[in-house]
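Some notes on the structure that comes next.
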Amino acid sequence: MFVTECPECQAKFRVTDGQLRLANGRVRCGNCLSIFDAENGRTDRTPTTATEQPQQTSTGAQFAQLDAEPIVLERFNSQPESPFKTALMILILLLCAVLGALQYLWFERARLNAHPSLRPFYIIACSQINCDLSAKEGLTLLTIEQTLVREHPRYSNGVSVVSNSRITVTDSGIYNLQWSGQFDNSNSQDDDVRVWIKVNGTNLTGSTGYVSIPQKHGASNGHIIVGWNYFLSLTANDYVELWWETDSTTVTIQSYAAGTNYPSTASLIATMQFVSNTL
């Protein structure tokens, strides 16, 4: 045991060897709370035993002036943190964050792909890794119950439906494609739908239209009829297809049965009309 003095407030305390080993010689002053090295502040060492009291000599007189406030020891790591370990932990955290972001972008690609600012990046990425951007909705969910083709008074057999979905033209010219669809939504929130056309199996640039299908209200599903037209410059034997996708499986194109006072509702109607033979 020995006496140490705080360099800040000059308060003196008894310190045991066990206390020094516990904190590598660092102690906290019980008077001003500053931390200092007890060995540097040492004033004298007085050997004692468990049953022996210090003798009231010059050293005892020194003990009589000790402050009554107890010593508080401060534990600390004497070895500084390795810069390599710190950098490794930061790198692991950054890697986890990047992997989490990539996982989100992958599993939500069908929905995020609908955003105009993100779609070009998804197109480039999927062209490299061969991923599917479709929400798995489209022609596979449609059943054509009836096909009605009317001949043009001057051009017979000018338009036909091939393979149940391909609106095919016989002659080159300008055509007006008009369509309308009866959309149904059983979800409790509005959901988006995208409709576009393909010419000869290739997406037509600028043809996509965005529609928000209203949510379910009470016991009734949300529903809306949507439609617009396209003026198309086609050559002989070109074909056109209507495509659509949605981010929610609750959105469908539905036909409705007739009621007491009104007729039935068709799910989808498409009309292709010849306009001019000048391209």
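The values are calculated or read from the model by the stated rules, or taken from the named source; none is laboratory data. Everything quoted here is computed from the prediction, not taken from an experiment. FYI the Cβ positions are ideal-geometry reconstructions off the backbone, even for glycines, and counts take in every protein chain you see.
Which residues, taken from the stretch 169-212, are over 31 Å from the mean Cα position of the chain (by Cα), assigned to a strand (DSSP E or B) and surrounded by 14 or more Cβ atoms within 10 Å (Cβ to Cβ)?
V169, G173, I174, Y175, N176, L177, W179, S180, G181, Q182, V199
Under 8 Å between Cβ atoms, at least 6 apart or on separate chains: pull out the pairs that start in the stretch 112-128 with a residue that is more than 15 Å from T208 (Cα to Cα) and end on any residue that is surrounded by fewer than 14 Cβ atoms within 10 Å (Cβ to Cβ) and not aliphatic (A, V, I, L, M).
Listed pairs, sorted by first residue: A125/C131; C126/D132.
Taking the condition part of a loop (DSSP other than H, G, I, E, B), within 15 Å of T170 (Cβ to Cβ), out of contact with any Gly (no Cβ under 8 Å at 6 or more places or on another chain) and of a type outside the set (D, E), does N237 pass?
Considered against the rule, which asks whether it is part of a loop (DSSP other than H, G, I, E, B), within 15 Å of T170 (Cβ to Cβ), out of contact with any Gly (no Cβ under 8 Å at 6 or more places or on another chain) and of a type outside the set (D, E), N237 comes out as yes.
So if I check each of L133, L93, which one is modelled with pLDDT of 80 or more and either among the aliphatic types (A, V, I, L, M) or part of a helix (DSSP H, G or I) (or both)?
L93
Which one of D191, D184, D171 is acidic (D, E) and modelled with pLDDT of 90 or more?
From the options D191, D184, D171, the qualifying one is D184.
Take the residues in the stretch 243-258 that are among the small types (G, A, S) and in contact (Cβ under 8 Å) with a residue 60 or more places away in the chain, then tell me which one is surrounded by the most Cβ atoms within 10 Å (Cβ to Cβ).
So the residue we want is S248.
Please indicate, with yes or no, whether at least one residue in the stretch 218-234 is surrounded by 14 or more Cβ atoms within 10 Å (Cβ to Cβ), of a type in the set (F, W, Y) and either more than 30 Å from T168 (Cβ to Cβ) or more than 36 Å from the chain's Cα centre (by Cα) (or both).
There is no residue in the stretch 218-234 that is surrounded by 14 or more Cβ atoms within 10 Å (Cβ to Cβ), of a type in the set (F, W, Y) and either more than 30 Å from T168 (Cβ to Cβ) or more than 36 Å from the chain's Cα centre (by Cα) (or both).
Find the residue count for the stretch 3-28, including only residues that are assigned to a helix (DSSP H, G or I), among the basic types (K, R) and in contact (Cβ under 8 Å) with a residue 12 or more places away in the chain.
Residues flagged as assigned to a helix (DSSP H, G or I), among the basic types (K, R) and in contact (Cβ under 8 Å) with a residue 12 or more places away in the chain within the stretch 3-28 amount to 0.
Is there any pair linking a residue in the stretch 75-98 that is among the small types (G, A, S) to one that is at pLDDT below 85, with Cβ under 6 Å and at least six apart or on different chains, and which?
From the stretch 75-98, the pairs are S78/N24.
Can you confirm whether the stretch 200-210 contains a residue that is touching an Asp or Glu at 6+ places or on another chain (Cβ under 9 Å), in contact (Cβ under 8 Å) with a residue 60 or more places away in the chain and under 26 Å from V162 (Cβ atoms)?
Checked the stretch 200-210: no residue is touching an Asp or Glu at 6+ places or on another chain (Cβ under 9 Å), in contact (Cβ under 8 Å) with a residue 60 or more places away in the chain and under 26 Å from V162 (Cβ atoms).
Taking the stretch 222-237 as the search range and keeping residues that are in contact with a Phe, Trp or Tyr (Cβ under 7 Å, 6 or more places away or on another chain) and β-branched (V, I, T), which one is farthest from N176 (Cα to Cα)?
I224
Can you spot a residue in the stretch 213-221 that is among the β-branched types (V, I, T), out of contact with any Pro (no Cβ under 9 Å at 6 or more places or on another chain) and either part of a loop (DSSP other than H, G, I, E, B) or farther than 18 Å from R111 by Cα (or both)?
Taking every residue of the stretch 213-221 in turn, none turns out to be among the β-branched types (V, I, T), out of contact with any Pro (no Cβ under 9 Å at 6 or more places or on another chain) and either part of a loop (DSSP other than H, G, I, E, B) or farther than 18 Å from R111 by Cα (or both).
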